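The values are calculated or read from the model by the stated rules, or taken from the named source; none is laboratory data. All figures in this text were calculated on a predicted structure; none of them were measured in a lab. Virtual Cβ from ideal backbone geometry, glycine too; neighbours counted across all protein chains shown.
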Amino acid sequence: MKCFVFRNATLEAFFPRGETTFSGYGDISRIPENAECYRWFYTLPPGIVASEARTLVEDFLQQLRLVLPQIPAGKPFELMRLAEPENAPLVLADSRVRDAVRFYNDALENMASERPATALLPAPPFGVDWRLWFLAQMPFSPAQKQAEPQAPAIPVLRKKCLVLDCDDTLWGGTLGEDGLGSLKIGGDFPGNAFAFFQKKCVELAESGIILAICSKNNEADVREVFEKHPAMILRREHISAWRVNWNDKAQNLREIVAELNIGLDSLVFVDNETRERTRVAEAFGGVLATPEFPERAHDLPVFVEKLFDDYFRCEKLTEEDAAKTQQYRDASVRNELVKNFTSLDDYIASLEIRLRVAPADAFSLPRLAQLTQKTNQFNLATRRRDEGELRDFLARGNAVFSLSVADKIGDLGIVGEAEISFSFDGKSARIENFMLSCRALGRGIETAFARRILQLLRARNIERVYAEYLPTAKNAPCANFLPSLGFAPEDDAPDSCFVLDLCACGEIAVAPFYRLDSDK
Amino acid sequence: MDSRLENVFKTTLGIDAVPAELSQTNCEAWDSVNHLNLVLALEAEFGVTFEPEEIAAMQSLAAVEKLLAAKAV
């Protein structure tokens, strides 16, 4: 192996084929000893919101501090700097992203000066291709040059309120037709592009902009999405006025300005339907801003940037704005203490990982089917399923579990799937499928997930659990997984078959530093 | 087959021949990483941009040829 690259995003296109081996995404649990050189190429997500920057770079540095002593002495180690953000912040006085980048780059410099054979690399001179970011987690593209820094645009008069439509604006899909479970929010494209847009709406709310919803839907349905959809980033508390009905939107906007006691000229109306925008613009003779909405979800970041430029960017927050900001920073206040960790376990403990193992439901089935299609590395049996097959499997009295993971840095959503079938006598169970997305690898989560399932099976008085490891070209990372859980090769069966005697295997415990959210 | 197209496939996937029936299912090297590399190489070679839906649909050589033809390449 010529070179080993630690990374947290898709970077393969930037390295010659065959000479480089990559870590998993943000995975520092496996460090090969036989590479000729090592590289540290962590990147910030493009368009990162200010409130997340510091937590992220501190996490990067904690990982790097754990990796550093494990790099074989004398071997070259190259550390890539983070690029300065391409766009000006929403609030110009808010230097959190810039400060976080500098904090990180300074820390790299210190590390490089302390370890021999350690060098710094400049940030790559490329820009983001949003399409490839949302599709493939590629933080910059070889075909995009980094934008030249420009003087930030500031509107003469800052607008006060952003009025948002719902269907195909805040999420992909039509609530009334597709139902709550089929909406595209979070997860893969285009859901991740809508999640990005929602995150930016929250950033606006935290900078003092009032958010309102104006949507042609049943109000109860929309409220249910805001309250119950696990991938929603915008929540009820971010919204100050609701007009969810089948009335004319111009009328709804009149009511919203009356309710909020602001002028029509301080509204920005965001709706994906040209018809609605035209109607509203005509009704108010152009007083009200009705920016054109992008047709393709991956153009949302460019749209957001233009919203900031044209209507919402400001020099600094007023006291009133700041009070609002404080109000939004509820229970999610993060522990900002900087700690140094000497072991991977300590580090994992510090992430405050929360796991939720739950039976499959209407929300999770589409994502679970997708996981079975896409997961290659940590996948015991690699049985591909579509949604219909999973439904059939459930209808036959079997169980499908989803694993959702969140930590103090963010929410990974559903990253694990397991399918369990039961014998006729109800005494034994078989793990038909078990997988964890590569996004969540390297934090011991697979073990916690499996142990949680074994606990649930034991609670159902299951005596034996069967499982298979079917090797593929890609799934070597889980080769020793079953034995590590206490499974033994099954007698008189092919090498791929394993069994665990739940009556004889003693206590099954999930490491205490994972918090298990109660199953619904 | 267009020789530029053939070259893109050979160099990106590291294969010696490009059979007409080449697809993700019959070519080990055509994995998700190389799929992305293929998109980048095709866009650079032919000066086109693919929509996300098109990238997802590009599961065989035939599909790629059809998409390029639709972009009048």
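For region B:3-32, a residue qualifies if it is in contact with a strand residue (DSSP E or B) (Cβ under 9 Å, 6 or more places away or on another chain) and of a type in the set (A, V, I, L, M), and exactly one does: B:22. Scanning region B:10-25 for residues that are within 14 Å of chain A (Cβ to nearest Cβ) and at negative phi gives B:10, B:11, B:12, B:13, B:15, B:24, B:25.
Being within 23 Å of residue A:136 (Cα to Cα) and within 14 Å of another protein chain (Cβ to nearest Cβ) narrows it down to one of A:7, A:39, so name that one. Give the derivation first.
Values: A:39 fails: within 14 Å of another protein chain (Cβ to nearest Cβ).
Exactly one residue qualifies, and that residue is A:7.
Can you find a residue in region A:207-215 that is more than 28 Å from residue A:315 (Cα to Cα) and either surrounded by 20 or more Cβ atoms within 10 Å (Cβ to Cβ) or of a type in the set (Phe, Trp, Tyr) (or both)? Checked against the condition, which is being more than 28 Å from residue A:315 (Cα to Cα) and either surrounded by 20 or more Cβ atoms within 10 Å (Cβ to Cβ) or of a type in the set (Phe, Trp, Tyr) (or both), region A:207-215 yields at least one hit. Looking only at region A:358-415, residues that are under 22 Å from residue A:184 (Cβ atoms), touching a helix residue (DSSP H, G or I) at 6+ places or on another chain (Cβ under 7 Å) and within 14 Å of chain B (Cβ to nearest Cβ) come to 1 in all.
For first residues located in region A:57-70 and in the same structural domain as residue A:85 (by TED's automatic domain parsing), partners that are of a type in the set (Phe, Trp, Tyr) and in a helix (DSSP H, G or I) and lie 6+ apart or on another chain with Cβ distances below 8 Å form the pairs A:57/A:103; A:57/A:104; A:60/A:104; A:61/A:104; A:62/A:347; A:63/A:347; A:66/A:347. Any residue in region A:285-301 that is in contact (Cβ under 8 Å) with a residue 12 or more places away in the chain sitting within a Cβ distance under 8 Å of a residue that is small (Gly, Ala, Ser)? List the pairs, counting only those 6 or more apart or interchain. Qualifying pairs under 8 Å: A:288/A:281; A:290/A:281; A:297/A:172; A:297/A:193; A:298/A:193; A:300/A:193; A:301/A:47; A:301/A:193. Scanning region A:54-87 for residues that are at pLDDT below 95, buried (at least 19 other Cβ atoms within 10 Å of the Cβ) and more than 23 Å from the chain's Cα centre (by Cα) yields a single hit, A:66.
Of the residues that sit in region A:93-112 and are of a type in the set (Gly, Ala, Ser) and under 30 Å from residue A:318 (Cβ atoms), which one is farthest from the chain's Cα centre (by Cα)? Ranking the candidates gives A:93 first.
Comparison of A:367, A:391, A:383 shows that the only residue that is in a loop (DSSP other than H, G, I, E, B), at negative phi and of a type in the set (D, E, K, R) is A:383. Being closer than 29 Å to residue A:303 by Cα, away from every other protein chain (no Cβ under 14 Å) and either in contact with a Cys (Cβ under 6 Å, 6 or more places away or on another chain) or free of Cβ contacts under 8 Å to residues at least 12 places away in the same chain (or both) holds for only one residue in A:96, A:102, and it is A:102. Does residue A:69 fit the bill of being in contact with a helix residue (DSSP H, G or I) (Cβ under 9 Å, 6 or more places away or on another chain) and away from chain B (no Cβ under 14 Å)? So residue A:69 fails the test. Looking across region B:21-48, just one residue is exposed (fewer than 12 other Cβ atoms within 10 Å of the Cβ) and closer than 19 Å to residue B:70 by Cβ, and that is B:47.
Residues that are in contact (Cβ under 8 Å) with a residue 24 or more places away in the chain and in contact with a Lys or Arg (Cβ under 8 Å, 6 or more places away or on another chain) number at least 2 in the following helices (runs of 4 or more DSSP H) confined to region A:158-262: A:191-206, A:249-260.
The residues of region A:263-306 that are small (Gly, Ala, Ser), assigned to a helix (DSSP H, G or I) and surrounded by 18 or more Cβ atoms within 10 Å (Cβ to Cβ), listed by number, are A:266, A:297. From the list A:18, A:26, the lone residue that is modelled with pLDDT under 95, within 14 Å of another protein chain (Cβ to nearest Cβ) and either within 29 Å of residue B:39 (Cα to Cα) or surrounded by fewer than 17 Cβ atoms within 10 Å (Cβ to Cβ) (or both) is A:18.
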